[in-house]
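J.: Please see the structure below; I have some questions.
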Amino acid sequence: MRWDLYVMLLAIWNCLIIPFDVAFEPEKNLLYNVLDRFIDASFIADIVINFRTTFINKKTGIEVIQQGQVAKNYLSTGWFFIDLAASIPFEYVYSFFKGDDENSLDSEQLKLLGLLKLVRLLRLGRIIRYMNFKQGLKIGLMMVQLLSFLVMLVHWIGCVWYLMVRQEGDWVPPKDLDYEARDPDRLWTKTEFYDQDTYSKYATVTYYAILTMMGNELAPRNTLQTVVSAIIIITGAVFSAFIFGNMAALMATMNKKATHFDE
């Protein structure tokens with residue numbers, strides 16, 4: 001359980017840093033590169049540990065400890081291939097074979113494969129169920145899990161939106177739509193959004209990602225932005241209903257004992 005929690009913390013870090021890295025391309029230092037390689041090594045170690053982790057036979061309810069059956073179960077469930085794809089640093093492998101003079105955009109796109117590490121977060125529900133805690137604490141952890149997923153979804157939406165608009169440079173944050181353009185020949189309104197530092201731009205797109213999940217306007221400038229904006233609004237509405245609906249159900253479960261006592 002401790003190892004699964006450790007792996008999940010690393011997976012959460014990857015799911016936050018990889019979209020930010022691909023979209024905003026911040027400057028990297030030696031510590032960042034060392035940490036990145038350490039996380040990849042931890043995921044490879046996790047694969048080895050999974051080959052040595054017993055499982056419960058669903059038909060008999062008996063714990064299977066035979067090494068061959070454990071390995072066969074890990075391979076047959078498909079988790080091995082997902083974990084393997086999530087552990088390989090494709091961008092470094094690509095750079096090694098192609099060299100540094102190749103198009104760097106392809107290497108950045110390969111980093112998106114690192115989002116496969118997100119699948120590891122599915123273990124959290126299993127770990128919470130198996131924890132020897134009181135029911136109220138387990139429900140509290142599930143609520144934290146839902147809120148964390150909501151924050152992560154907002155983060156992804158902001159990064160995806162900036163990755164899309166940074167190429168054309170024609171998107172204007174809705175707060176700047178009232179500004180007058182200095183050049184009358186320009187087709188869009190003046191904005192200082194693209195002149196800001198990385199973290200100011202991240203704060204801006206994250207703010208509008210939160211508003212968009214609630215159905216607010218993103219002010220798209222072309223057909224692609226309009227389509228993506230519509231998808232984001234629909235996705236945000238669905239996931240918001242799912243998250244807050246589950247939180248309401250968890251609250252009802254938490255208060256079930258007190259309600260029964262009152263009755």
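J.: Can you check what the net charge comes to around THR54, using other residues whose Cβ is under 13 Å from the Cβ of THR54 (Lys, Arg +1; Asp, Glu -1)?
T.: After counting each charged neighbour, the total is +1.
J.: Moving on to the next point. For THR198, what is the net charge nearby, where nearby means another residue's Cβ is under 13 Å from its Cβ and Lys, Arg count +1, Asp, Glu -1?
T.: Residues close to THR198 contribute a combined charge of -2.
J.: Something else now. Please sort by residue number the GluC sites (Glu not before Pro) in the stretch 1-94 whose DSSP state is loop and whose Cβ has at most 15 other Cβ atoms within 10 Å.
T.: Those satisfying the criteria are GLU27.
J.: By how many nm would the segment from VAL64 to MET251 grow when fully extended, if each residue of separation counts as 0.36 nm and the alpha-carbon distance is taken off?
T.: The span from VAL64 to MET251 would gain 63.7 nm if fully extended.
J.: Non-local amide H neighbours of PHE55 (under 5 Å, H modeled in plane, Pro and chain starts lacking H): which ones?
T.: Under 5 Å from the amide H of PHE55 lie the amide H atoms of VAL64, each far enough along the sequence or on another chain.
J.: Next up: With +1 on the Cβ of every Lys and Arg and -1 on the Cβ of every Asp and Glu, and nothing else charged, how large is the dipole of the stretch 134-263 about its Cα centre, in debye rounded to the nearest 20?
T.: 720 debye
J.: First select every other residue whose beta carbon is under 13 angstrom from the beta carbon of PRO220; then total the charges, Lys and Arg +1, Asp and Glu -1.
T.: Around PRO220, the surrounding residues sum to -2.
J.: Mind putting a number on the dipole of the stretch 6-74 about its Cα centre? Charges go on the C-beta only, +1 for Lys and Arg and -1 for Asp and Glu, and I need it in Debye to the nearest 20.
T.: So the dipole magnitude of the stretch 6-74 works out to roughly 520 debye.
J.: Then there is this: Set Lys and Arg Cβ to +1 and Asp and Glu Cβ to -1, take the dipole of the stretch 134-263 about its Cα centre, and tell me which of ALA237, MET164, LEU218 lies farthest positive.
T.: Farthest towards the positive end: ALA237.
No lab work stands behind these numbers, since they all come straight from the coordinates. This one's a predicted model, so the numbers in the text were calculated from it and none came from an experiment. So basically every Cβ, Gly included, is an ideal-geometry build from the backbone, and we count neighbours across all protein chains shown.
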